[in-house]
Amino acid sequence: MKKKSALLLFTLFLSACLTVSCGNESNSSVLPFNTTNIYGQQVTQKILEDYDLTMINVWGTWCHSCIEELPDLATAHSMLPKNVNLISICEDAGQDEETLAAAKEIARTNNVSFQVLIPDEDLTESIVSTVITFPTTIFVDSNGNEVGQRIIGVPNTESIADYYLLQVHTRLEMMGK
């Protein structure tokens with residue numbers, strides 16, 4: 001009976017791994033997009049092409065831990081290697097003028113110097129709709145393919161900026177860069 005139970009558990013585990021994609025690499029990719037940032041400037045997927053790796057932080061104006069993380073992301077952004085970029089998607093910035101104004105104020109007060117995008121339909125489909133916890137940070141290559149696992153929530157570490165820099169270097173190594 002124990003052997004049958006163990007075999008059943010192993011089979012279920014293997015099925016789950018094959019279905020959900022076990023391992024470090026994700027098969028997800030960013031769909032081509034044409035959107036604006038919170039200041040009305042047009043941004044397309046070409047923003048990814050000039051960098052080997054781009055961090056994409058997904059947050060919302062309603063998310064207190066997301067907002068608390070922004071200064072650390074701003075610090076990390078200033079320390080990134082030249083072949084790495086950081087952008088963010090404020091998932092609710094396109095809801096209405098009040099929320100857009102809140103996103104702008106949050107970015108200003110937290111010294112955000114990276115692009116904050118308003119998700120269009122394609123960004124919503126390929127990224128925002130796949131996020132189950134806010135904030136979530138995703139790493140993509142120049143073609144928009146995810147590299148490594150997503151970082152769900154705010155990292156529980158003394159230096160969040162240093163943690164993200166370590167994650168950047170790890171992913172660059174995974175890519176052979």
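Just so you know, all these numbers are worked out from the coordinates, no wet-lab data involved. None of these values were measured; they are calculated from a predicted model. Positions of Cβ are backbone-derived with ideal geometry, glycine not excepted, and every protein chain shown enters the neighbour counts.
Taking the criterion of being touching a Gly at 6+ places or on another chain (Cβ under 8 Å) and β-branched (V, I, T), would at least one residue in region 138-154 satisfy it?
No, every residue in region 138-154 fails to be touching a Gly at 6+ places or on another chain (Cβ under 8 Å) and β-branched (V, I, T).
Among the residues of region 108-129, write down those that are more than 21 Å from N34 (Cβ to Cβ) and touching a strand residue (DSSP E or B) at 6+ places or on another chain (Cβ under 8 Å).
Correct list: V112 only.
Which one of the conditions (1) of a type in the set (K, R); (2) exposed (fewer than 14 other Cβ atoms within 10 Å of the Cβ); (3) under 24 Å from D50 (Cα atoms) does R150 fail to meet, given that it meets all the rest?
In the conditions (1) of a type in the set (K, R); (2) exposed (fewer than 14 other Cβ atoms within 10 Å of the Cβ); (3) under 24 Å from D50 (Cα atoms), R150 misses (2) alone.
Mind checking which residues of region 84-123 are small (G, A, S) and out of contact with any His (no Cβ under 8 Å at 6 or more places or on another chain)?
Within region 84-123, S88, A93, G94, A101, A102, A103, A107 qualify.
Please specify each residue of region 123-138 satisfying the condition of being part of a loop (DSSP other than H, G, I, E, B) and out of contact with any helix residue (DSSP H, G or I) (no Cβ under 6 Å at 6 or more places or on another chain).
I127, V131, I132, T133
Name every residue in region 93-122 that is over 11 Å from V58 (Cβ atoms), in a loop (DSSP other than H, G, I, E, B) and not hydrophobic (A, V, I, L, M, F, W, C), in order of residue number.
Of everything in region 93-122, those that are over 11 Å from V58 (Cβ atoms), in a loop (DSSP other than H, G, I, E, B) and not hydrophobic (A, V, I, L, M, F, W, C) turn out to be G94, Q95, D96, N110, N111, S113, D120.
Looking only at region 82-102, decide whether some residue is surrounded by fewer than 18 Cβ atoms within 10 Å (Cβ to Cβ) and more than 20 Å from T36 (Cβ to Cβ).
Yes, region 82-102 contains a residue that is surrounded by fewer than 18 Cβ atoms within 10 Å (Cβ to Cβ) and more than 20 Å from T36 (Cβ to Cβ).
Looking only at region 88-108, count how many residues are β-branched (V, I, T) and in contact with a helix residue (DSSP H, G or I) (Cβ under 8 Å, 6 or more places away or on another chain).
Total meeting the criteria: 2.
Going by what's in this entry, would F139 be described as under 11 Å from the mean Cα position of the chain (by Cα), touching a residue at least 40 places away in the same chain (Cβ under 8 Å) and farther than 21 Å from Q45 by Cβ?
Considered against the rule, which asks whether it is under 11 Å from the mean Cα position of the chain (by Cα), touching a residue at least 40 places away in the same chain (Cβ under 8 Å) and farther than 21 Å from Q45 by Cβ, F139 comes out as no.
When Q149 is evaluated against the numbered criteria (1) touching a residue at least 12 places away in the same chain (Cβ under 8 Å); (2) within 24 Å of V43 (Cα to Cα), which criterion, by number, is the only one it fails?
Here Q149 meets the rest and fails (2).
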